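Below is one structure, written out as structure tokens; comments come after it.
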Amino acid sequence: MPLLHVRGLGVRYDNDVLALEGVDLDLDAGERLAIIGESGSGKSTLARAIAGLLPPAATVEGSIAWPELGRVARNGRDIGFVFQDPGSSLDPVISVGAQVAEVVRVNLDMAWPAARRLAVELLDRVKLPEPALLAKAYPHQLSGGQKQRVAIAAAIAAGPRLLIADEATSALDTIVQAEIVSLIRGLVDEDGMALLFVSHDIALAANLADNIAVFRHGRLVEAGMTGEMIAAPVSDYTRALLDAHLGLDA
Ligand code: ADP
């Protein structure tokens, strides 16, 4: 029984852009799936549709079901969502510890002092230095990589079954990007979370994912196991993506 079962998913925005069409996708518990494609291919729309974060004016068809949960998954509780820009997902006037504690309080129904303690533990889990001290800092006092670690701590705070990282490392320098990828890998391994890793960079995603789904113009072009797809892509589009990214690294 899959954790997530998507059938015939289509999304149209109110400007009449058809962002996704006829998408079928399954995700097992603990599976790490990369969603790959160029900018505008519908990756973010898919991630947001799954997490229930589409704007209200978007029209959705098809189905998104959670067979293992037996109910609709809740963002924050069952799903942890990490956005590209931690600067905009964190509140500038609230300390980072209080922001993580708020996620804990709301989703786990925990009293404030216990939530604060758990927040410090979570900041430690995402390998931030001196977490008790850092909890009192405000986002502008942190580097981009540190802010993304805080956003990840908030995303995993309620012990979700699925972590969605939507271009979560794309705004970071290469070295910080590698550190955040390694952090995400460690956390999903430790907690047995499933991972949806949304990226335009197939080489980066291949480091992390068991399986890859390639999107183009809102449609699923090709899906398969990472090793097989890298070795022998079926579609010309996937081959072009691979040549572009592997070529740059060579
Ligand atoms: P990706 O994540 O692959 O870059 P998106 O899912 O963001 O792709 O976008 C898919 C298409 O939907 C694009 O044409 C984009 O311009 C459009 N789009 C995305 N978000 C919105 C929105 N909130 N309102 C209208 N159009 C949107």
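The values are calculated or read from the model by the stated rules, or taken from the named source; none is laboratory data. In this text, all values refer to a predicted model and were calculated from it rather than measured experimentally. Cβ coordinates were reconstructed from backbone atoms using ideal geometry, including for glycine residues, and neighbour counts include every protein chain displayed. For accessibility, only protein heavy atoms count, side chains too; no ligands or nucleic acids. Shrake-Rupley method; radii C 1.70, N 1.55, O 1.52, S 1.80 Å.
Residue-wise test of (1) more than 22 Å from ALA51 (Cα to Cα); (2) assigned to a loop (DSSP other than H, G, I, E, B); (3) not small (Gly, Ala, Ser).
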| position | (1), (2), (3) |
| --- | --- |
| ARG116 | yes, no, yes |
| ALA119 | yes, no, no |
| LEU123 | yes, no, yes |
| LYS127 | yes, yes, yes |
| LEU133 | yes, no, yes |
| ALA154 | no, no, no |
| ILE164 | no, no, yes |
| ALA178 | yes, no, no |
| LEU195 | no, no, yes |
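Restricting region 122-166 to residues that are more than 16 Å from the ligand (Cβ to nearest atom) and among the acidic types (Asp, Glu) leaves a set whose member that is most open to solvent (accessible area, probe 1.4 Å) is GLU130.
Evaluated against (1) on the phi < 0 side of the Ramachandran plot; (2) open to solvent by less than 10 Å² (accessible area, probe 1.4 Å), GLY37 falls short on exactly one condition, (1). Going residue by residue through region 82-92, is there one that turns out to be outside any loop (DSSP other than H, G, I, E, B) and within 13 Å of the ligand (Cβ to nearest atom)? The answer is no, given that none of the residues of region 82-92 is outside any loop (DSSP other than H, G, I, E, B) and within 13 Å of the ligand (Cβ to nearest atom).
The set of residues from region 203-222 being under 22 Å from GLY22 (Cβ atoms) and either within 16 Å of the ligand (Cβ to nearest atom) or not in a strand (DSSP E or B) (or both) comprises ILE212, ALA213, VAL214, PHE215, ARG216, HIS217, GLY218, ARG219, LEU220, VAL221, GLU222. How about region 42-90: which of its residues are at positive phi and either open to solvent by 20 Å² or more (accessible area, probe 1.4 Å) or in contact with a helix residue (DSSP H, G or I) (Cβ under 7 Å, 6 or more places away or on another chain) (or both)? Hits for region 42-90 are GLY52, GLY62, GLY70, GLY76.
Every listed requirement among (1) in contact with a strand residue (DSSP E or B) (Cβ under 6 Å, 6 or more places away or on another chain); (2) surrounded by 14 or more Cβ atoms within 10 Å (Cβ to Cβ) is met by PHE215 save one, (1). Scanning region 35-57 for residues that are of a type outside the set (S, T, N, Q), at pLDDT 95 or above and in contact with an Asp or Glu (Cβ under 7 Å, 6 or more places away or on another chain) turns up just one, ALA47. Might you check whether a residue that is within 26 Å of VAL181 (Cα to Cα), crowded, with 16+ Cβ neighbours inside 10 Å and among the hydrophobic types (A, V, I, L, M, F, W, C) occurs anywhere in region 108-118? Taking every residue of region 108-118 in turn, at least one turns out to be within 26 Å of VAL181 (Cα to Cα), crowded, with 16+ Cβ neighbours inside 10 Å and among the hydrophobic types (A, V, I, L, M, F, W, C).
Looking at region 56-72, can you tell me whether even one residue there is over 30 Å from LYS136 (Cβ atoms), within 9 Å of the ligand (Cβ to nearest atom) and not acidic (Asp, Glu)? Yes, the conditions are met somewhere in region 56-72.
Within region 176-202, the set of residues being within 16 Å of the ligand (Cβ to nearest atom), open to solvent by 10 Å² or more (accessible area, probe 1.4 Å) and of a type in the set (Gly, Ala, Ser) is empty. Open to solvent by 10 Å² or more (accessible area, probe 1.4 Å) and closer than 21 Å to VAL198 by Cβ: is that true of ASP26 in this structure? Considered against the rule, which asks whether it is open to solvent by 10 Å² or more (accessible area, probe 1.4 Å) and closer than 21 Å to VAL198 by Cβ, ASP26 comes out as yes.
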